[in-house]
Structures are given as C-alpha cells and as structure tokens.
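The values are calculated or read from the model by the stated rules, or taken from the named source; none is laboratory data. Predicted, not measured: the structure shown is a model, and the values here were computed from it. Don't worry about glycine lacking a Cβ; one is built from the backbone with ideal geometry, like all the others, and counts go over all protein chains shown.
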Protein chains: 2
Amino acid sequence: MTMKKMNMVIAQSGGPSMVINESLVGAVLEARQSTKVGRILGARHGILGILGNDYIDLRKPSVKKLEAIAETPSSALGSCRKKPTADDCRAIFEAFRARDVGYFFYIGGNDSADAARIVAEEAEKAGYPLVVYHIPKTIDNDLRSCDHTPGFGSAARFVASAIKGDDLDNRALGGVKIDVIMGRDAGFLTAAAALARVREDDGPHLIYLPEVPFSEATFVKDVQAVMKKRGRCVIAVSEGIRGKDGVPIGAKLGSGETDSHGNVQMSGTGALGDALAKILKEKAAVKRVRADTFGYLQRSFPGIASKVDQAEARAAGAAAVKAALKGELTKGTIAIVRENAKKYKVAFAPVPIQNAAKFTRSVPKEYIARNGHDVTPAFIAYAKPIVGELPACEIF
Amino acid sequence: MTMKKMNMVIAQSGGPSMVINESLVGAVLEARQSTKVGRILGARHGILGILGNDYIDLRKPSVKKLEAIAETPSSALGSCRKKPTADDCRAIFEAFRARDVGYFFYIGGNDSADAARIVAEEAEKAGYPLVVYHIPKTIDNDLRSCDHTPGFGSAARFVASAIKGDDLDNRALGGVKIDVIMGRDAGFLTAAAALARVREDDGPHLIYLPEVPFSEATFVKDVQAVMKKRGRCVIAVSEGIRGKDGVPIGAKLGSGETDSHGNVQMSGTGALGDALAKILKEKAAVKRVRADTFGYLQRSFPGIASKVDQAEARAAGAAAVKAALKGELTKGTIAIVRENAKKYKVAFAPVPIQNAAKFTRSVPKEYIARNGHDVTPAFIAYAKPIVGELPACEIF
C-alpha cells in the first residue's frame, strides 16, 4: 500500500471552555508538521458543519493568528450539542468521501466523545475507513478517561478567584452569600471553591456537591452553625445538587429545556440561588442573604486561564493527532494520566474512545469531607497544581 | 495657636470595590508623612466601628503589608450602610473627643458622602472642631463631583471582559444571552459593556440603561431585529432598568429589602435576568435564551483591576489627606477632574462635601444612542482610558 495523503476534519462540540482553542491549535500545528495529512478542515459548529458543508481551511491562518486564537476563550470553530443519528452518519461519510477525509477529530466532553464514538462505529459498519479521535475538554472534569480534563483548571481558577474576592466582600458587609457553580453531575468545579482559602476563617465555609444528597434541614442547620461561629457565611453550591430522590433541585425550578443528549438546562438562570436564599431568610432567620450564579463566565472569562491547563489542552490536541497518524487505535481518545503524585507531571496516552464516551465520573469519596459540606486535603492536593497560583489577597 | 498634633480616623462605607483599599492606603501613607497627624486610626465597619470603639492602629502595618492590602479587593476595614442620626453624631464626637480626633476621612459613594456631611454639619453645630473629608468610591460612577469615580474603571473592566468572553460563547452556541449588570440608578457600568466590541458584529448587540424607560414591547422587537440580522444576540442590561412609571423592574421582582438610606435590594438575585429571559422565550419565540447576573464579582474579582483606576484611587486618598491638613475646606470631598480631552490626564481637587453627597448623576444624554439601546462613540472615548486594555481575543 502506498502512503496516500489523507485529509482531516477537526471540530469542537459541547460547552466551550477557556482553553478548547488550545487543543484545536495543538492539533492543527501537529498536523501541519506531518507528511501524512493533506487538507486540514475545520468544521463549523461541530458535526453540523460537516452536514452543512461549512468548513474553514486550517492550513491558511498564520501561526501568529493561531496562537492568538489559542489564547481566546470559547470554541473558535463554533459548537453544537448534537447526537448524530445513523442517517446523519451516512451523510457524514458521504461528505467525507467527497473530500478524501481519513481523520476526524472531535474536541469535547462525554457527550461529544459519544458522538465521535457513534461516528466511528457507524463508519466501521459502513466500511468507511476513518480514524476518529476524541480530544478531551470539559470544565466539569468528569471524563472517566482523564485524571483531570482540559478546561477544568481554568474554570476552577475563575471559581476559586471569584470566591476569594467574594469572601472578602462578605467580610466587609456580613450576612450569608450563596454562590452557585456549574457542574451538572459532578461537583469538581464547586469543590475547587475550596482553593480560595488561605486563612483559617476564609470562605467558602460550606460546600455542597451533587455527590452528597442535599437536605434543606441540614443546609439550614449548617448555615446557622457557621453564622454562630463566624458571624458570616460564604457558601459554594453546585447547580447540580439533588435531594435523596436524585432529582436535581435546579432542574425542578428551571425551564425544563433539554438538549438532544437529554441534558436538562441548569445554567443561565438564577433560580436555584434565589430559592436557597429564600430558604435561609425564612428558616434560618438570616437578614442579609445574597445569591450569585457564576454562570457562563466560568468557562468564557478572558485573560485568566490557568497556564498548566493551557499547556495541557495544547498537548492533548497534539497527542491526538500523533496517535491518529500512528494508527495504533482507530477509535481513540487521549487519556491524561498523572504520573507522579509528589511532583506534578502528566502523560497523554491514546486509549479506546468508549473510555470517555457517555458515562461520566463523580467526585470520588476520598475528596469529600465526612461532614458532607466540605472537601478533603486530598482534593486540594489534587486540584492545586492544575489551577495554579491565585491572586494574593491581604487583610488586616 | 500652637500646632498641636491631631489624631485622625479613617473608615470605609457602602459597597466595596476592587480599589477602595488603594484609597485607604493612599490616605494612610500620606498621613504618615505629615508632622500634623498623631495617631492614625482605622474604624472597622465605617461609623459602626467609631460607635463601637473598634479601631485598628494604622501606623503599625508595614508599607509592604499596606501595599498588599491596596491590591486586594473589598473594604479591608469592613463596611456598613448606615446613615448617622443626631444621637449617633453626639456619640461619635464623644468618642472623638476622648481620642483627640481632629480629622475624619470616609471612603465611599454618595450615601457615604452624605453620612460624612451629616457628621461634619453636626460637628459644627455641636462646636466640635473636626475636619471631615469624603474620599470618592463607587463602581456606579454616579458621583456629581467626579468626571469618574475610583472603582468604576475596574468594575467596568470586569464587565467589558466578561461580555467579551460571553460574546465568544454566544458565537459558539447561538441564541440570546442576557447579562444583568450592577447600577441601581446610573447605567455607566452597563454602558461599559460596549468596550467589549472590536469587530462590527461583536456583542453586546443591545444595551439597556436605567436612563432610558424600558418597554417590554420595544425589547422584544429589538431582540427579534438582532436575531434576524446576526442569528444571535448578546444583551447588556442594567439591574436598575425601569418602566415609564419610574419604578425599577428588578425591585418589583425582588425581596423588597431596603437599607437605612432607603435603597431597595437589587443585586444578589437572578430574578430580573430570569424574567427577561421568560419574556423572550414567550414573546420573541427564541428557543435558546440564557441569563446571567454578574453580581458581586463585578466589584470584588481579584487580580484584574484597571491600573489607571488603581493609581487614581490611591491618589484620591492622598489628595484628601493633603487637603484636610491644609485646612482650606473643613468639609470636603475630592473631585476628579479630567484636564485634557485629547491626552488622558486628571487632577484631584478639594470641593465642598455636598457636591458628592446624597444625589447622584445619571449617564448624560450625549452618551446614549438615539435608538435607546446603545451608547455613543463619545461614551467609548470617555470610558476607554479609565478601563484600559482588555485581553485580546481572536476569531477565524
């Protein structure tokens, strides 16, 4: 067999992050160095761009332009939340065949990995030769295939910084402050609020994760105890907290809107924070209660990304292209493995795509404090190197 | 009269900002250089600290510690929202007499200036010799005495950065995004969202200020027009928008909680954003609508302050102490005057305290676009030097 150059398609899918463009640029620059890759096509808005024949020629932009895009938050190619049907897949292979596409890279979270897995399996069934690689990305940090995911470190840096500033604000004016943090099923991002602490009395004083069943009565008691001890209280709470019935409380309050993967809308509304504030005013007799929902800023705020996260996102993109060109696995994702517990170091390893697809992981038990409203020192040790140094804040 | 050294009290009041500690440190370092000042006392939580005899000795901290505090958001001495009564004032003078306090500095917005004015006038009536200076601070930028206020530039930098990132996020996933921005009566901070724009199609595409009566029907039409033209829409809306009846819409939805200056709670709830999102889903038939309320992060996020704002806040604090020690005005505030419209330069001038007290200013007409949902180039020219450069963002 002569080595024929094959063209590649790359796209982004799911919720954007501050560093998803690092992965895109990492992949593109790696592909540009290879003699095996012909055209490098960026599909706009994920598989919608493939289905709609909407591509960008990624050989054209200068390295300077690509580097500037790498530093820019959100998905520069556009995104989508679409689960491909068998019909979609047939249309995709037709479009790929017309363009001699032999490599397909999809940057995203578990749903995007699942979309890529479907494409890969359908290609196999259809006898269309296609190497498919998922490139990990999610601020939720919930891929089973990764020690931690690109995007998490930067979102966590936003959250910990915001909580740090908010804790100072709460010191000044007192009362209870509730901050609602993203994370549909996994509480990693909410847990990262704990990185804000330096002093013994620093907030967050209470942390509620989706992994621990939420009880209104316990919540009220927890807050009353902190108010008694500190005279103030900063609370980090996940948008995904759920009662014993397992139903997310925010979803009950929300619009009921769902995407094609079946995910209920939780972000982009202040309903959960407001509901929790109401509980405290009525049942904990706290006079000043404020609630903020950090919302989309957690994944899109420019200029504050974690440097480690940026570098790893870049490396994950490059690793996927390297692995695809080697051809060991034809349906792969890049696992991020922490190599050394003492000195922070990671490796990027190709593993089967199903390791990342569909099912997510939760915050493991050893990271959740026994009291149910905090994290453990093990979590801090885990998250700190990914998030990096936070702005120093001094008090009298 | 022999020059007797007099002691000074300084305190912080009202909503914190990212640079209010710069003003504190500016005043303290200036006072430390003077032979006229004896003790430098920081009252905790504004006049509550004076009434409660709760002081910090501000001669003690090292310059290094003070510099670190200057860089830290929120009010390091703590804050309060208290309008002093005549009885409070008598108690204050008693406390001041016992400590030989001849200078009183109060850092805050219009309500804090009014509180300082009351203290100053009551001191005069009571025959207690006291030089009172208000030091301007408010993220709302609504003091009549200042071209712009310390705290505004940094909050505006947060807002413009957040909108910039959010606009990229909206490019990726489409639909309508509503961002609710602080500003009870004045729309300056919401207007600053416009600084996010670089390209012709960049958001925010619609800007709603409290200065323009808000109409639901016009809002729906505005959004539909942008959706038709752009296929997406980013909206910056002030928490203080009000209908033709002049009643803030957010206040109608909120808790009805008020402070002792009569201000109704608006921040710390997502109700306004959620209500606007509901309108668009129901009446503009937009499928994907998300609303974020930027909340307290606008005044407390660490590490992103505007350098110009930091330097001016510092200078305003120092200017107040200089003016007080000169003794030209015994009841003063520091006006910030823009000296040259071409090359950005400001001066700090002592003016009567009533110039800052109580009544606020609104966004002037020449900064509001005729269409009622945007700002003018004159506003951009006004705000840009105060806010400084934003993180560069590149797109394909």
- Message: Under 7 Å between Cβ atoms, which residue pairs at least 6 apart in sequence (or on different chains) link something in region B:363-378 that is surrounded by fewer than 19 Cβ atoms within 10 Å (Cβ to Cβ) with a partner that is of a type in the set (Asp, Glu) and modelled with pLDDT of 95 or more?
- Response: B:Thr376/B:Glu366; B:Ala378/B:Glu366
- Looking at region B:85-143, which of the residues that are charged (D, E, K, R) and under 13 Å from B:Ala357 (Cα atoms) is surrounded by the most Cβ atoms within 10 Å (Cβ to Cβ)? B:Lys137
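So that you can scan it fast, the table gives a plain yes or no per residue for (1) within 14 Å of another protein chain (Cβ to nearest Cβ); (2) over 18 Å from the mean Cα position of the chain (by Cα):
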residue	(1), (2)
A:Leu77	yes, no
A:Ile92	no, yes
A:Tyr106	no, no
A:Asp142	no, no
A:Asp147	no, no
- Hey, does region B:127-150 have a residue that's in a helix (DSSP H, G or I), modelled with pLDDT of 95 or more and on the phi < 0 side of the Ramachandran plot? no
- Task: From B:Thr218, B:Thr258, grab the single residue that is at pLDDT below 95 and in the same structural domain as B:Ala291 (by TED's automatic domain parsing).
- Result: B:Thr258
- Query: Is it the case that B:Val119 is in contact with a strand residue (DSSP E or B) (Cβ under 9 Å, 6 or more places away or on another chain), among the β-branched types (Val, Ile, Thr) and within 14 Å of chain A (Cβ to nearest Cβ)?
  - Reply: no
- Task: For region A:29-40, indicate whether the set of residues that are crowded, with 21+ Cβ neighbours inside 10 Å, over 30 Å from B:Ile163 (Cβ atoms) and within 14 Å of chain B (Cβ to nearest Cβ) is non-empty.
- Result: yes
- Message: Tally up the residues in region A:157-211 that are touching a residue at least 60 places away in the same chain (Cβ under 8 Å) and either of a type outside the set (Gly, Ala, Ser) or outside the structural domain of A:Ala369 (by TED's automatic domain parsing) (or both), please.
- Response: 31
- Note on the structure: Residues of region B:311-335 being surrounded by fewer than 22 Cβ atoms within 10 Å (Cβ to Cβ) and either under 17 Å from B:Ala113 (Cβ atoms) or not small (Gly, Ala, Ser) (or both), in sequence order, are B:Lys322, B:Ala323, B:Leu325, B:Lys326, B:Glu328, B:Leu329, B:Thr330, B:Lys331
- Query: All but one of (1) closer than 20 Å to B:Asp292 by Cα; (2) outside any loop (DSSP other than H, G, I, E, B) hold for B:Lys228; which doesn't?
  - Reply: (1)
- Message: Looking at region B:50-75 only, could you name the residues that are surrounded by 19 or more Cβ atoms within 10 Å (Cβ to Cβ), out of contact with any Asp or Glu (no Cβ under 8 Å at 6 or more places or on another chain) and among the small types (Gly, Ala, Ser)?
- Response: B:Ser75
- Meets criteria (under 30 Å from B:Met6 (Cα atoms), away from every other protein chain (no Cβ under 14 Å) and out of contact with any helix residue (DSSP H, G or I) (no Cβ under 9 Å at 6 or more places or on another chain)) for B:Val321: no
- Note on the structure: Considering residues that are part of a helix (DSSP H, G or I) and in contact with a Pro (Cβ under 9 Å, 6 or more places away or on another chain), the number found within region B:172-218 is 6
- among the charged types (D, E, K, R) and in contact with a Leu (Cβ under 8 Å, 6 or more places away or on another chain), is that true of A:Arg90? no
- Item | Residues (farther than 19 Å from B:Ala277 by Cβ, assigned to a helix (DSSP H, G or I) and not aliphatic (A, V, I, L, M)) located in region B:151-170 | B:Phe152, B:Gly153, B:Ser154, B:Arg157, B:Phe158, B:Ser161, B:Lys164, B:Gly165
- Query: Just one of A:Ser238, A:Ser215 is surrounded by fewer than 17 Cβ atoms within 10 Å (Cβ to Cβ) and under 27 Å from the mean Cα position of the chain (by Cα); which is it?
  - Reply: A:Ser215
